[in-house]
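For reference, the structure I am asking about is given below.
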Amino acid sequence: MNKPTLVILAAGMGSRYGGLKQIDSFTPEGDTIIDFSLYDALRSGFGKFVFIIRKSFEKEFKAIFNKKLKGKAEVAYVFQELENVPDKYINPERTKPWGTGHALLMAKDVVKENFAIINADDFYGQEAFVTMAKNLMRTDKGSYNFSTMAYSLKNTVSDHGFVSRGECSVDKNGYLIDVTERTHIERINGILMRKDDEGEFIPIDGNTIVSMNFWGFTPKSFEFGGKLFEEFLESNKENLKAEFYLPSIVNEILKSGKASVKVLRSDAKWFGVTYKEDKDIVQKAIEQLKDKGVYPKKLW
């Protein structure tokens, strides 16, 4: 049985966190959040890991993860740089990466298997990796049968500020109809609110199904997104903060009529680090999981 690959989106700059949260330590043993995703993925059947990073922190990443994964899985690195766009769209004033959709396009040359893609700074839980791995292993890699791991919005928000989530519309058979990137969801006075297109706050149901950027793809997914990204660049060449999000590619996939995206569900409570203040909560949650024996004291 072909083992799937895990692609880790780790090129972000952590502006709201105030540093490189991807390699920040969250336990006395020095574990990063990525370590738990790698550990869960390995025991769920993933056989290769692809880190999408910036060249500027290549040395730090390799120092941390190469030793841990040596002899356990194949490891590759892909660099998502600002200049990985046509010359006419390069803006020397831009410092922000081009977004998760652009990151996916960068992985095309090194991912030839069925694969899942995740955020580096989100803790998804072992159950999610087991479910995704099983789904990818039984999917024909020449097919357009894709998937996403979905969560309930109320289980995925920070207490310390706003988050971005992909709001999913799902049909009665459990397949994705479309996904809308909500770039500002926040708990205000105990009520979940999101910003609409005019920047006004409106309520959003806590049971809304959302994507945490945990997608399952076959190599056929790389047929999508290239032209869409060029159109995005043309429309946003003067916008230094505009990002091309992965859900944009997913919606293109859905509109093509060629592909389907099965919605896999997880009832796990997400935790992750968007803000520095989230760190204490994450540390306590991981400590409890280790105390319960869900993870060993020393992962590696």
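The values are calculated or read from the model by the stated rules, or taken from the named source; none is laboratory data. Quick caveat: nothing in here was measured; it's all calculated off a predicted structure. No Cβ is skipped: glycine too gets one built from the backbone with ideal geometry, and neighbour counts run over all protein chains shown.
Quick check, is Tyr89 of a type in the set (Ser, Thr, Tyr) and at pLDDT 95 or above?
Working: of a type in the set (Ser, Thr, Tyr): yes; at pLDDT 95 or above: no.
In short, no.
Suppose the filter is more than 13 Å from the chain's Cα centre (by Cα) and either farther than 14 Å from Pro4 by Cα or not in a helix (DSSP H, G or I) (or both); does Asn66 pass it? Before you say what the answer is, go through the steps one by one.
Numbers: more than 13 Å from the chain's Cα centre (by Cα): yes; either farther than 14 Å from Pro4 by Cα or not in a helix (DSSP H, G or I) (or both): yes.
Considered against the rule, which asks whether it is more than 13 Å from the chain's Cα centre (by Cα) and either farther than 14 Å from Pro4 by Cα or not in a helix (DSSP H, G or I) (or both), Asn66 comes out as yes.
Take segment 115-156 and flag every residue that is surrounded by fewer than 21 Cβ atoms within 10 Å (Cβ to Cβ), among the hydroxyl-bearing types (Ser, Thr, Tyr) and closer than 23 Å to Glu74 by Cα.
Matches in segment 115-156: Thr131, Thr139.
Could you grab the pairs with beta carbons closer than 7 Å, sequence gap of 6+ or different chains, first residue in segment 31-48 and part of a loop (DSSP other than H, G, I, E, B), second one basic (Lys, Arg)?
Once the first residue is part of a loop (DSSP other than H, G, I, E, B) and sits in segment 31-48, its partners that are basic (Lys, Arg) give Gly45/Lys3; Phe46/Lys3; Gly47/Lys3.
Could you count how many residues in segment 92-114 are within 12 Å of Ile52 (Cα to Cα), surrounded by fewer than 21 Cβ atoms within 10 Å (Cβ to Cβ) and hydroxyl-bearing (Ser, Thr, Tyr)?
0
Let me ask you something else. Could you list, in sequence order, all residues of segment 24-49 that are in contact with a helix residue (DSSP H, G or I) (Cβ under 8 Å, 6 or more places away or on another chain) and of a type in the set (S, T, N, Q)?
Thr27, Thr32, Ser37, Ser44
Hey, could you check segment 149-170 for residues that are hydroxyl-bearing (Ser, Thr, Tyr) and not in a loop (DSSP other than H, G, I, E, B) and say which is modelled with the lowest pLDDT? Give the steps one after another, and end with the answer.
Within segment 149-170, the subset hydroxyl-bearing (Ser, Thr, Tyr) is 151-152, 156, 158, 164, 169.
Imposing the further condition that a residue be not in a loop (DSSP other than H, G, I, E, B) reduces the set to 151-152, 164, 169.
On the way: Tyr151: 91, Ser152: 92, Ser164: 87, Ser169: 96.
Looking at the filtered set, the residue picked out is Ser164.
Of all the residues that make up segment 171-206, how many are of a type in the set (S, T, N, Q), at pLDDT below 95 and loosely packed, with under 10 Cβ neighbours inside 10 Å? Walk me through how you get there before you give the answer.
Of the residues in segment 171-206, the ones of a type in the set (S, T, N, Q) are 173, 180, 183, 189.
Of the ones still in play, those that are also at pLDDT below 95 are 180, 183, 189.
Narrowing further to those that are loosely packed, with under 10 Cβ neighbours inside 10 Å: 189.
Number satisfying all stated conditions: 1.
Moving to a separate point now. Within the set of pairs 6+ apart or on separate chains, which have a first residue in segment 229-252 that is farther than 13 Å from Thr183 by Cα, a second that is part of a loop (DSSP other than H, G, I, E, B) and hydroxyl-bearing (Ser, Thr, Tyr), and C-beta atoms under 9 Å apart?
Leu240/Thr95
Moving to a separate point now. Working only within segment 236-282, note down all residues that are at pLDDT 85 or above, of a type in the set (D, E, K, R) and within 23 Å of Lys172 (Cα to Cα). Steps first, please.
Filtering segment 236-282 for residues at pLDDT 85 or above gives 236-265, 279-282.
Right, trim to of a type in the set (D, E, K, R) and you get 237-238, 241, 243, 252, 255, 258, 262, 265, 279-280.
Residues satisfying the conditions are Glu252, Lys255, Lys258, Lys262, Arg265.
Can you name every residue in segment 264-300 that is among the polar types (S, T, N, Q) and touching a residue at least 12 places away in the same chain (Cβ under 8 Å)?
To start, the set of residues in segment 264-300 that are among the polar types (S, T, N, Q) comprises 266, 274, 283, 288.
The answer is Ser266, Thr274, Gln283.
Identify, by number, the condition in (1) under 23 Å from Glu252 (Cβ atoms); (2) surrounded by fewer than 21 Cβ atoms within 10 Å (Cβ to Cβ) that Cys168 doesn't meet.
Here Cys168 clears every test but (2).
Tell me which residues, restricted to segment 258-298, are crowded, with 17+ Cβ neighbours inside 10 Å, assigned to a loop (DSSP other than H, G, I, E, B) and not aromatic (Phe, Trp, Tyr).
Matches in segment 258-298: Ala259, Ser266, Ala268, Val273, Thr274.
Residue-wise test of (1) among the aliphatic types (A, V, I, L, M); (2) over 25 Å from Glu186 (Cβ atoms).
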position: Leu240; (1), (2): yes, no
position: Tyr245; (1), (2): no, no
position: Lys258; (1), (2): no, yes
position: Asp267; (1), (2): no, no
position: Trp270; (1), (2): no, no
position: Lys276; (1), (2): no, no
position: Ile281; (1), (2): yes, no
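If the requirement is being in contact (Cβ under 8 Å) with a residue 24 or more places away in the chain, under 20 Å from Leu104 (Cβ atoms), surrounded by 14 or more Cβ atoms within 10 Å (Cβ to Cβ) and out of contact with any His (no Cβ under 8 Å at 6 or more places or on another chain), which of these qualifies: Phe26, Phe57?
Values: Phe26 fails: under 20 Å from Leu104 (Cβ atoms).
Unique residue meeting the criteria: Phe57.
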